[in-house]
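Q: Handing you this structure, nothing more for now.
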Amino acid sequence: MRATADEAVSEMFESAFELAPTGVALIGMDGRFLRVNRALCEMLGRPADELAGSTSAPFTHPDDRPATENAYSHLRDAGTTLAVEKRYLRPDGEVVWASTHGQTVKSPDDEARYIVSHFLDVTAVKVAEQRHREASRLFETAFADAPIGMALSAPDGRLIKVNRTLCELTGYAESQMLRLTFRDITHRQDVDAALQHGKRLLSGEADRYSLEARYFTAQGEEIWVNLSVSIVRDESGQPLHFISNVEPISERKELQASLTRLAEHDPLTGLWNRRRFEEELAREAARCQRYAGRAAVLMIDLDEFKSVNDTHGHQAGDELLKLIANRIRAALCESDAVARIGGDEFAAILPNVGPEAVGHVTDKLHRVIRASRITVNGTTTGVGASIGSQTLDEDTPDPQAAMAKADTAMYQIKASARR
C-alpha cells in the first residue's frame, strides 16, 4: 500500500510538472537543464532533448548572459531564492522575455542538489512597456522641441508642464510659469469663454476645442493666440490633464484688423465709408424698431467745395476734407457714427436723439464746418454746408428710406440757399 501511495503522489507531481501552464525546469548545480516541461519548450521554441544537458547560455540573449551567470552563481553559493528577468532567443530569432524565479533544493544534510526554476512569459508586458517608453520619449521630444507653445495643465487650471516655445512666447521662465494658472496669463475678457470650453471637456461633452484668446506676457504686452485644447483621461475615464497647443496669431490679427479697416474706412479721412455706414444704420434701425427707440440720420454736403479744388487744387481740397472730418468727429458724441459717403458728402447717425435736439446738433456742425479753414499760398479758404435730417424710429424703420429722406431734405436746403 505504501508503494502505491508513493506512486500516486509521484504521478501527481509528474502531472503537475508537465502540465503546468508556465515553464518549469530542474537545473543542476552546474547550470545545465536536467528536465524541462512542455510549457518551457513551447516558450523557447525548442524540444526537450535539445534543452536537456545544456545550459541556458546558448538560448539567452547575449546582453543578458553575464547577469544570468551571476544569478546562478548566487544560487549555488548562497542557496537562496532569486528572481531575474531576462531575454531568450527562439530558433527563428524572436526574443522572448521571461521572469525567472529559482529556488535551490537541498538534501537533508544541507547539500545543494538542484535548482527548481519557473519561467513566466512576460514578452507582452515588456513590449507594452517598451512602446510606452518610446511613446513617452517621442512625446517628450515633440513637446520640448515643438515650434508652437505647448502646455499640460491640471483640471483646476494649474500649469504643470510647459515647453520652451511657450516660455519664449510669453516671456516667462519655466519656473515662473509653473507657479501660474491659465487665468493668470489670459485676458479677463477671454477667461469665461475658456472656462466654458474647459467645463465641456471635463464633462465629456467635447473631446477638444479651439479658441482665439489674448494672453499677457511677463512684460505686460497683450498678444493674440490660437488655443487648441484636448483632454487626457485615465483608464477609468477620470480627467488627468489638458494638453494645449498655443499658436501666436498677433500678426494675423493685426493684418485682419488692417484689412477690415481698409474695407470699412475712408482712406483719406479715416471715417467710416458708405458701406460700413449703411451696415451701422441698419443695426440702429433694428434697435429702434425692437426697443421703440429713436435716432436721427444726418446727410451733410459741403457748399462750394468744387471751387476749392478748382482754385487751389485737389491737394488743398483733400487737406480741407480731412480737417472738416476731424472737426465733425470731435463735435459729435462718442456714441454717434459719422462717415464720408462721397467726394464732399458726409453722414451721421445720432442714437437716442429726437427731432427737437437735431436742430442744436446741425447748428453746431454748421459752425465747426465754417470754422474749418485752411491757408493756401497766403489765402485762407473754407466752405459751408447743407445738412438734411430724418428721424429713424419704429414708425420709420426702413434705414434706406430714412437716408433717402435726409438726402432729399439736404438738397432742398441747398437749393433754397441758392435762391
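The values are calculated or read from the model by the stated rules, or taken from the named source; none is laboratory data. Since we're looking at a predicted model, the values are computed, not measured. Cβ atoms come from the backbone with ideal geometry, glycine included; neighbour counts cover every protein chain shown. With ligands, DNA and RNA removed, areas are computed over all heavy atoms of the protein, side chains included. Shrake-Rupley method; radii C 1.70, N 1.55, O 1.52, S 1.80 Å.
Q: Measuring with a 1.4 Å probe in the full set of protein chains, what accessible area per residue, in whole Å², belongs to the stretch 100-253?
A: 59 Å²
Q: How would you rank 158-165, 321-328, highest first, on the average number of other Cβ atoms within 10 Å across their residues? Please report the intermediate quantities before stating the final value.
A: On the way: 158-165: 18.6, 321-328: 20.6.
Per-residue mean Cβ counts within 10 Å order the peptides as 321-328, 158-165.
Q: Starting from the 7 Å offset along Cα-to-Cβ, what nm value, one decimal, do you get for the label separation of Arg65 and Glu334?
A: 8.5 nm
Q: Beyond 24 Å between alpha-carbons counts as too far, so tell me which of Lys86/Lys161; Lys253/Lys322; Lys322/Lys364; Lys364/Lys405 fall in that bin. Don't skip to the answer; put the middle values down first.
A: On the way: Lys86/Lys161 35 Å; Lys253/Lys322 28 Å; Lys322/Lys364 18 Å; Lys364/Lys405 21 Å.
Exceeds cut-off: Lys86/Lys161; Lys253/Lys322.
Q: Cα gyration tensor of the stretch 10-123, axes a ≥ b ≥ c as square roots of the eigenvalues: rounded (a/c below 1.5), prolate (a/b > b/c) or oblate?
A: Values: a/c = 1.80, a/b = 1.18, b/c = 1.52.
Here the stretch 10-123 falls in the oblate category.
Q: How high is the relative contact order of the stretch 288-419? Use alpha-carbon pairs under 8 Å, at least six apart in sequence, and give a whole percent. Each step should come with its number before you reach the end.
A: Numbers: 212 pairs, mean separation 50.2, N = 132.
Normalised by residue count, the contact order of the stretch 288-419 is 38 percent.
Q: I've got another one for you. If I take R0 = 25 Å and measure r between the Cβ atoms of Asp92 and Ala128 in this structure, what FRET efficiency does the formula 1/(1 + (r/R0)^6) give, to the nearest 0.05?
A: Numbers: r = 22 Å, r/R0 = 0.87.
According to the calculation, E is roughly 0.70.
Q: A follow-up question, please. Against the longest principal axis of the chain, how steep is helix 123-145, in degrees 0 to 90 to the nearest 10, with axes from Cα atoms?
A: 30 degrees
Q: Once both axes come from the Cα atoms, what is the angle between helix 314-331 and the longest principal axis of the chain, in degrees from 0 to 90, rounded to 10?
A: 80 degrees
Q: Let me ask another. For the pair Gln289 and Arg373, what calculated FRET efficiency results from E = 1/(1 + (r/R0)^6), where r is the Cβ-Cβ distance and R0 = 60 Å, to the nearest 0.05? Intermediate values should be presented prior to the final figure.
A: Working: r = 41 Å, r/R0 = 0.69.
So the FRET efficiency works out to roughly 0.90.
Q: Residues of the stretch 33-81: accessible area per residue at 1.4 Å, in Å²? Walk me through the intermediate numbers first.
A: Values: 2460 Å² over 49 residues.
Per residue, the stretch 33-81 has 50 Å² of solvent-accessible surface.
Q: Might you tell me the accessible area per residue for the stretch 272-403, computed with a 1.4 Å probe and given in Å²?
A: Numbers: 6350 Å² over 132 residues.
I get 48 Å² per residue for the stretch 272-403.
Q: Given axes a ≥ b ≥ c from the Cα gyration tensor, I'd like to know whether the stretch 99-159 is rounded (a/c under 1.5), prolate (a/b larger than b/c) or oblate. All intermediate terms of the calculation are to be shown ahead of the outcome.
A: Details: a/c = 5.37, a/b = 3.55, b/c = 1.51.
Prolate.
Q: Keeping the other protein chains in place, figure out the carbon and sulfur percent of the accessible area of the chain, with a 1.4 Å probe.
A: Details: 11900 of 23490 Å².
The C+S portion of the solvent-accessible surface of the chain is 51 percent.
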